[in-house]
Structure formats: C-alpha cells, structure tokens
Amino acid sequence: MNESDALNVVKGLPASGGAALGVSHVLRTERLRRQPGTPEEELELFDSARADSDAGLQELIEQSCDLGGEILEFQSLLLDDDSITGPVRSRIRAGESADEAWTAVLNGEISEYEKSESEYLASRSSDLRDLRERVLRSMSAEGLRKSKFDQGAIIVAEALGPSEFLEIDWSRAAGLALAGDSATGHVAILARSRSVPMIVGLGDLGQIADKSAVLLDGEAGSLAFGPVRQLEELHAELSSKSREDREIAQKIALKPARTKSGRRISVLINIGDPAALDEVDPRICDGIGLVRTEFLFAGGELPSEDEQTRQYERIVRWAQGRPVAIRTLDAGGDKPVPGLTVEGESNPFLGVRGLRLSLLNTESFRLQLRAIARSAELGPVKAMLPMVTSVGEFAAASEHLDAALAELKREAVPHRRPELGIMVETPAAALTAHDWPTDFYSIGSNDLVQYVTACARDNPKLARLADPAHPAVLELIGRTIAAAKKRGVEASLCGEMAAMPSMAPALIELGLEAFSVDPSSVGRVKMAIAETE
Ligand code: PEP
Ligand code: MG
C-alpha cells in the first residue's frame, strides 16, 4: 500500500457488530433561529409542538417493543406532565420564546436528574435530552432527520437519543458512529437488537470528514476513510466473515453450547419486557438467567400482585420447563423509579438501590415475592436478589420469602418455593461468596466492573477504563465460581461481558458454565464457546 492509498482509521469503541460501507453523514445540531412571536403565538406554538412530538412518539411506540417502547412511553408522559408544562407556560407568558422556555425548563429537569436526584441514570437524562430536541425540532419546523439521509449513509453524531434512533429508517442508513455514549447505553442496546452496526466514543468529531466514503467496523470499533476501492475490498472481506459468522450463529443458536473439548455450557437469556419473548424461539436457550422486573415499575406505580403474577407466569409458560430467574426489583443507581427510589443521594450507585430498597419497602417486596412464588407453580422459578453486600441482607430477604410463603399457604393460594439466589455485583459479595447460604449465584458484571474499577457505568468518558478484562474483575469472578463449585450450586454470569465473544475463553478458563445474554447474542456466544477449549 503506498502513502496515497493509506487508510485513515479513526478509533472508537465497538457497540454493535457488523461492517457498513457508505458515505459519512455528520449530523449538525445547529437549528435555524426563529423570530419569536407574541406570548399567545408562542403558547400556541408550544402546544402544537407538543402535539406534533407526541404524535411522532405514538407512531414510534406502535412499532417498538421492550426497551424502545418503554423509553418512548416515558417521554410521552413527560410531554403532558404539568410540573414541566406549567413552568414552560409561565416563562412564555413572562416574555420568553417557546423554544427558550422549553429549553430552560428541560435543562433544569436534566440537571436535577443528573445532579441532585442521583447522577441520574445517564440513560434517563439522555431520554430527557432526546425529548428536548424532539420538541425543539417540531418548533423550528426542521424536517425529520431521516428524510435527509442518502441511501447507505453512515450517521455520525455527537449523541443520539433513543427516539431519534428509532425514527431513523435503518433500511436506508447503514451504520451509526457517536462521539460520546457508551456501549451499554440505551441507543447501543437498541442498535444491537436491530443489528445496526454501531461504534461509540469517537471523541472529537472535528476529525471526521463529512460526505466521504467510510467503512464502519462495528467489531473493531473503528471508522476507516480512504480510497473507495480499498474500502470496498476491506468491506467485502469483513462482510463475508460476518455473513459466515451470522449463518453459523443462526444454526448454532438452536444447538446446545459445547466447548471444543465437548464440555456442555448453559446459555441462558436476559429479558426485560416479556413482550420481547414473542419473537424468540425458546429452543435457543437453556432458560432465562435474568428477568429485569423494573419494566413493571416504570410508570412509577406499584404493580399489583395479580398483575406481577400474570407477567411472570407468561414468562414461565414461554420457557416451557426451562429455569427462569426473576430478579426482585433493582431500582436505584442507573435505574431510578420515580416515586420509589430515594431522591437527593449524592452517589446513587452507592446508595439505596436493589435489595437495599426492597428491605426498606417491605410491603412491596413481600408482594413481589408472593407473585414470584405463585408463578413458580408453573415451572422452575428462581428469585434473584440484586445489589447485596452482606449475608445479613440475604437472611432478611430469606425471612421475607418464608413469610410470603406462609401467607400464601394460609390463604390456600397455589404456589411453590422458588430457589433464592444472589447477584454478585459488589466486591464484598464476590470476596465472601463462600459464606452465603444462597441457592445460586449470578454474577452481574456490569455493576461488578464499575465497583471494582471505580468507573461509573453511565460515564462514557470512563468506558475504556471500565475494562471487564481487568485482572481484578477476573479474580473476583473466579473466586465466585470457585465458591459456587465448592458449595455445589450454580454460578452464571448475566452482565454484558457474557455477550462479548472475546471474553468467552477467559470466562470458561475461570470455570464459568452458564452465560446469560441478550437473545440476539445467543448464536455469537455459542460460536465463541465452540471455539474455546
Ligand atoms: C449487572 O449488573 O451486570 C446486571 C446484569 O444488572 P443490571 O445491568 O440490570 O444492573
Ligand atoms: Mg446490576
């Protein structure tokens, strides 16, 4: 390759696999300045922008399920929230333009989410930013971003909100590269579920040429610019490799996972909203290693015991006899639930979250345990406790389970005792794993990595430092697996790390025999397992 043929490669971080060749389309965030009208006109503009934005959201909600739908519902509710619209109206009446007033109020909300209420989950504050931009676009009559893309565009942006992501026609756009964001953020999760190649953490967009031929490599986390012929060759190479991988992954997904030497490894799936299961074939997995039950609490209202039971039963029926680990509410930290989680914590990741919160709200905890026990009538259900640090917490949870079972028995409500296990997400739990009288362990590497490396999981600037392959993280995972083996119970791993094919050899070497991953990652993980001794 001579000098002029050299490719210019910009490194970011992988967020969603696949290779995409296209023309870079750098999204500019400036908006045309508008001449403000009278307060009456501005109020009218505000209301029509809200209505317009809500219509757009409703349209997207109809096409989305699971995480996507939940984010959009949250945004739609905020559009009608008096505590937001009231102050906007007051500011407009006091002489501000509709866009100034909306921006000021939303910025206030965002900084409250980030600052006082908890460094609020990056995801929720980014959902608010997304909503702010959506309404501003409606006000400035800027056309939808999707209409401006050329076929095959590689979208490059500072950041993108989940609703903006959902709005893009991904049959036209080929890939996504963001300056910020993290590989575990909402947009990355959406990109993976829709097989859109994506990279994050590009840093300064000044180095990105607009309207230039570019190859996005979602596996390597890079963008390559250069002569089209060379990019085409590289793309053909990467595509044929990823096509082969995909075909093998689809076939392999239906088979039990085995290592090269024939060792059987369980591959389980993680789910949120049970509706997502409608599109998943149960035969691809050995069970469900993590049901995130926060989806039931997202509206801020406590779901009734019957409603919870109905949802859990739906999941257990889907699993057709395979084990299902239902995690009790893991609110707080990066998953605040308005009205439930404690406000004003200076560091919510080290605050009242997970089981700590359940042990404060014992009534709703008991209700959830009852619903889990009722659903266990239909199949092998496990109850899983998030964010634990002391054996005393486990003992307290265990007592609540006993009491819930006794109540159900007294009331002659059909039920069965679920196994009770812990998530190993803190160094304290990992270091003392052998002491816990738990029925099983599930390693939550997303949190374990943040607590071991002291890198908040919602801080994209620390994404490189929050390394799941850090020896200290591997040490704690190894200790947990060893403790589980010694006690004769199962240890699985349900953080994002389980879905990284590159981590499979190290995890298997540590003795891990159960991986729990997003359904879309099952094939790739089984393939990585098959390539490991
Ligand atoms: C984890 O921490 O690894 C985990 C699976 O839980 P969550 O990502 O829901 O906190
Ligand atoms: Mg966790």
Practice prompt. Estimate the FRET efficiency between Ser239 and Asp81 by the formula 1/(1 + (r/R0)^6), using the beta-carbon distance for r and 45 Å for R0, to the nearest 0.05.
Written response: 0.50
Practice prompt. Work out the length of the dipole vector of the range 275-335 about its Cα centre, built from +1 on the beta-carbon of each Lys and Arg and -1 on the beta-carbon of each Asp and Glu, and round it to the nearest 20 debye.
Written response: 240 debye
Discussion item. Give the residue list of GluC sites (Glu not before Pro) in the range 276-340 that are DSSP loop and have at most 16 other beta-carbon atoms within 10 angstrom.
Written reply: Glu301
Fill in: Portion, in percent, of the accessible area of the chain that falls on carbon or sulfur, probe 1.4 Å
51 percent
Discussion item. Can you work out the Karplus-derived ³J(HN,Hα) for every residue in the range 438-446? Use 6.51 cos²θ - 1.76 cosθ + 1.60 with θ = phi - 60°, whole Hz, and x for glycine or proline.
Written reply: 8, 6, 6, 10, 10, 7, x, 5, 4
Worksheet item: What percent antiparallel are the DSSP beta bridges of the chain, to the nearest 5?
Response: 35 percent
Discussion item. Of Pro471, Gly17, Ile271, which is farthest towards the positive pole of the chain's charge dipole, taken about the Cα centre with +1 and -1 on the beta-carbons of Lys, Arg and Asp, Glu respectively?
Written reply: Pro471
Response to the item:
To the nearest Å², the heavy-atom accessible area per residue of the chain with 1.4 Å probe amounts to 43 Å²
Response to the item:
Expected unfolding gain across Lys486-Gln320 under the 0.36 nm per residue rule, minus the alpha-carbon gap, is 56.8 nm
Worksheet item: Which shape class applies to the chain: rounded if a/c is under 1.5, otherwise prolate when a/b exceeds b/c and oblate if not, where a ≥ b ≥ c are the square roots of the Cα gyration tensor eigenvalues?
Response: oblate
Practice prompt. Search the structure for amide H atoms under 5 Å from the amide H of Thr532, placed 1.01 Å from N in the peptide plane, and list their residues when 5 or more places away or on another chain.
Written response: Lys260
Worksheet item: Mind ordering 509-522, 98-111 by average Cβ neighbours within 10 Å, highest first?
Response: 509-522, 98-111
Worksheet item: Considering only the other residues whose Cβ falls under 10 Å of the Cβ of Ser24, what net charge follows from Lys and Arg at +1 and Asp and Glu at -1?
Response: 0
Worksheet item: What percent do you get for the relative contact order of the range 222-339 when only Cα pairs under 8 Å and 6+ apart count?
Response: 22 percent
Item to complete: Could you grab the relative contact order for the chain? Cα pairs under 8 Å, six or more apart, rounded to a whole percent.
Response: 16 percent
Discussion item. Amide H of Ser442 versus every other amide H placed in the peptide plane: which residues, excluding those fewer than 5 positions away on the same chain, fall under 5 Å?
Written reply: Ile422, Met423, Val424, Ser492
Practice prompt. Please check the chain for the longest run free of trypsin sites (Lys or Arg not before Pro) that are loop-located per DSSP (anything but H, G, I, E, B) and have at most 11 other Cβ atoms within 10 Å.
Written response: 261-463
Fill in: For the range 301-313, 3J(HN,Hα) per residue [Karplus equation, 6.51 cos²θ - 1.76 cosθ + 1.60, θ = phi - 60°, Hz, x = Gly/Pro]
9, 6, x, 5, 4, 5, 5, 4, 4, 4, 5, 5, 4
Discussion item. Helix-only estimate, please: 222 nm mean residue ellipticity of the chain, summing -39500 (n - 2.57) across DSSP H runs of length 4 or more and dividing by its residues, to the nearest 500.
Written reply: -13000 deg cm²/dmol
Practice prompt. Starting from the Cα of Ser140, move 7 Å in the Cα-to-Cβ direction to define the label point; list residues of the range 182-223 whose amide nitrogen is under 19 Å from there.
Written response: 205-206
Discussion item. Let's see if you can work this out: charge +1 on each Lys and Arg Cβ, -1 on each Asp and Glu Cβ, no other charges. What is the dipole magnitude of the chain about its Cα centre, in debye to the nearest 20?
Written reply: 1860 debye
Worksheet item: Residue by residue, what Karplus-based ³J(HN,Hα) values in Hz, rounded to whole numbers, does the range 373-381 have, using 6.51, -1.76 and 1.60 with θ = phi - 60° and x for Gly and Pro?
Response: 5, 5, 5, 5, 4, 8, x, x, 9
Response to the item:
By the C-alpha gyration tensor axes a ≥ b ≥ c (rounded if a/c is under 1.5, else prolate when a/b exceeds b/c, else oblate), the shape of the range 317-449 is prolate
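The values are calculated or read from the model by the stated rules, or taken from the named source; none is laboratory data. Note that the structure is a prediction, hence the values are computed from the model and not measured. With ideal geometry, Cβ positions are generated from the backbone for all residues, glycine too; neighbour counts draw on all protein chains shown. Note: accessible area is taken over every heavy atom of the protein model, side chains too, but ligands, DNA and RNA are not part of it. Shrake-Rupley method; radii C 1.70, N 1.55, O 1.52, S 1.80 Å.
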